[in-house]
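Participant: The structure follows.
Quick note: the coordinates plus some simple rules give every number you see, no bench work behind them. Note that the structure is a prediction, hence the values are computed from the model and not measured. Quick reminder, even Gly has a Cβ in these numbers, built from the backbone with ideal geometry, and neighbours come from all protein chains shown.
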Amino acid sequence: MEEEQEKSVSEPSAMAVDTTSGGSDTPLRPIVPPVMPLPAVPFTPGLAPIPTPSGIPRPLAPLPPRPPVVQNGDTVGSESESDDEESGQGGDDSALEYEISEESKVIRERQERAMQELLMRRRAAALAVPTNDKAVRARLRRLGEPMTLFGEREMERRDRLRMLMAKLDSEGQLERLMQAHEEAATEAAAAAADGMEEEVEYPFYTEGSKALQETRVEIAKYSIVKAAARLRHARRKRDDPDEDLDAEMDYAINQARNFAIDFSENGDDRPLSGCSFSPDGKMLATCSLTGVTKLWSMPHIKKVSTLKGHTERATDVTFSPLGNCLATASADRTARLWNLDGSFLKAFEGHLDRLARIAFHPSGRYLGTTSFDKTWRLWDVETGEELLLQEGHSRSVYGLSFHVDGSLAASCGLDSLARVWDLRSGRSVLALEGHVKPVLGISFSPNGYHLATGGEDNTCRIWDLRKRKSLYTIPAHSNLISQVKYEPQEGYFLVTASYDMTAKVWSARDFKPVKTLSDHEAKITSLDVVADGQYIATVSHDRTIKLYSSRDNDKKAMEID
């Protein structure tokens, strides 16, 4: 059947060819078209009608000026679009010129400024800037800029020079910059040719009095003897086979773990601000915001005498290392010296603002005071004469501590800095940067090379004076640290007081917490540790004195050297 259909299909085609050629007289048979099945065509749904330009939904931004044109069912761009495509200057996005709102302009400007600042910082980081502060000052002077700004530190001055050089480079003022470089190179070459280099001394120094010169000589003599004794003691402990430093430290730390409250006594009608033990540990002195200082007997905290004389609140109190007197500081801008029986001896006047902390020199002959007038001062205890007015902090000076040898003094203040001063020469030998908020407490370790600071950033930092950098940072409290004190004999532990109403004992070996003293009901303002390390006293805004003891009566206390 299929063969017949194929034959029938082929025959009409041949017959059709014959008829078209017209080459035969034979009658033609009628052509019957074959019945063929239609191929299956898949169903395609009808396309949705292309909307007219008026039916286009309104976009967020205004439409371009030339909408697309519909031709023969196809969307054709405008002539400008086709021209742009042919010229290769971008596609459809480049032809759409939207109107930018004011908010978008502000955001774009902000992004451009941020990008420019980033590029400026990258350009500045690639520039070579002198590291010597004298060279930085000289370069700033050659560029016509101030050599230093008020309160500006060395690193801040160097960053200012770096950004200035980057700005000149970006503005194309390379000639000015290169001229400054050439001047510096010429001066250096001239100094090298002459065999001597010109030195510009910054900062300047002020010539002191004859009494200050004699004081520096006396301090040098005293510190040499004390340093020699300290080094002999350290060598003996290191070389003596009978000495076990680890065992001795473990014993001291185990005793510190036994600290517990022994006595609690109301100190005054107003919050207490300072406390201090006498060198023999038999008396305790406290001061308060009433301006009154009180002496208490140990260990039962019985009031012995009351010292009145300040006209404003008292800020600190401390005993002399000689044990024959004590000194108080006040917001009335004066410090006062008292006998142990409560009689007034002399006043130290000269500060221009209220006083903060005070400290005696280890020799007992000098008194150091700090003040909110941005200075700390050294006084002669015997004569009451002001020996030294020391500047250097850009903000108020708050804490002060003397080295166990008496050769150094460390000050801290609201400029977030701690500075170490050489009392024998008057130089600032170290500027300890690390705290990000004001530093309120500072204390030298008896080992002679560690220094502890605490501040409003809630941390206590341990500094190694040999390495001239921070050794360890203790995240000590949840509020600011008001006072830091090392155990006075060997420095095996240190104690911090905080406004989070706690005082904490820390190991000086690994700086781990040993004991938390949390008996106060308000912020703790000050603390002190007795000479043998057996007692800790704290005072607070809850107007109470807390006395803590190790309560280890079976073991004998550490001997005081």
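Participant: Across 5 Å bins from the origin, how do the percents of Cα pairs in the range 257-375 run, short distances first?
Facilitator: 2, 12, 23, 25, 19, 11, 5, 2, 1
Participant: Right, something else. If you count, for each residue, the other Cβ atoms within 10 Å and average over each peptide, how do 212-222, 452-462 line up from highest to lowest?
Facilitator: So the order, starting with the most tightly packed, is 452-462, 212-222.
Participant: State the dimensionless ratio Rg/Rh of the range 498-544 (Rg: radius of gyration of Cα atoms; Rh: Kirkwood radius).
Facilitator: Working: Rg = 11.3 Å, Rh = 11.4 Å.
With Rh from the inverse mean 1/r over Cα pairs, Rg/Rh is 0.99.
Participant: Let me ask something additional. Per-residue HN-Hα couplings for the range 270-279, Karplus 6.51 cos²θ - 1.76 cosθ + 1.60 at θ = phi - 60°, whole Hz, x for Gly and Pro?
Facilitator: Taking θ as phi minus 60°, the curve returns 10, x, 8, 10, x, 8, 7, 8, 6, x Hz for the range 270-279.
Participant: Could I ask something else about it? Name the residues of the range 434-472 whose amide N is less than 14 Å from a point 7 angstrom out from the Cα of residue 353 along the C-beta direction?
Facilitator: It comes to 438-439, nothing else.
Participant: Pick out, from 219, 297, 275, the residue whose Cα sits farthest towards the positive end of the charge dipole of the range 217-320, with +1 on the Cβ of Lys and Arg and -1 on the Cβ of Asp and Glu.
Facilitator: Going by the Cα projections, it comes out as 219.
Participant: Also: Tell me, what does the Kirkwood hydrodynamic radius of the range 412-561 come to in angstroms if you use every pair of distinct C-alpha atoms?
Facilitator: In the range 412-561 this quantity evaluates to 15.8 Å.
Participant: With equal scatterers on the alpha carbons only and no solvent term, can you work out the Debye log10 of I(q)/I(0) for the range 471-519 at 0.17, 0.24, 0.30 1/Å?
Facilitator: With one equal scatterer per Cα and no solvent, log10 I(q)/I(0) is -0.45, -0.89, -1.25.
Participant: Using a 10 Å cut-off on Cβ atoms, rank the peptides 277-285, 259-267 from the highest mean neighbour count down. Please list the in-between numbers first.
Facilitator: Working: 277-285: 19.1, 259-267: 16.8.
Per-residue mean Cβ counts within 10 Å order the peptides as 277-285, 259-267.
Participant: Turning to a different aspect of this structure: Of 221/374; 374/485; 210/485, which ones are farther than 31 Å apart at the Cα?
Facilitator: Values: 221/374 29 Å; 374/485 23 Å; 210/485 34 Å.
Flagged as over cut-off: 210/485.
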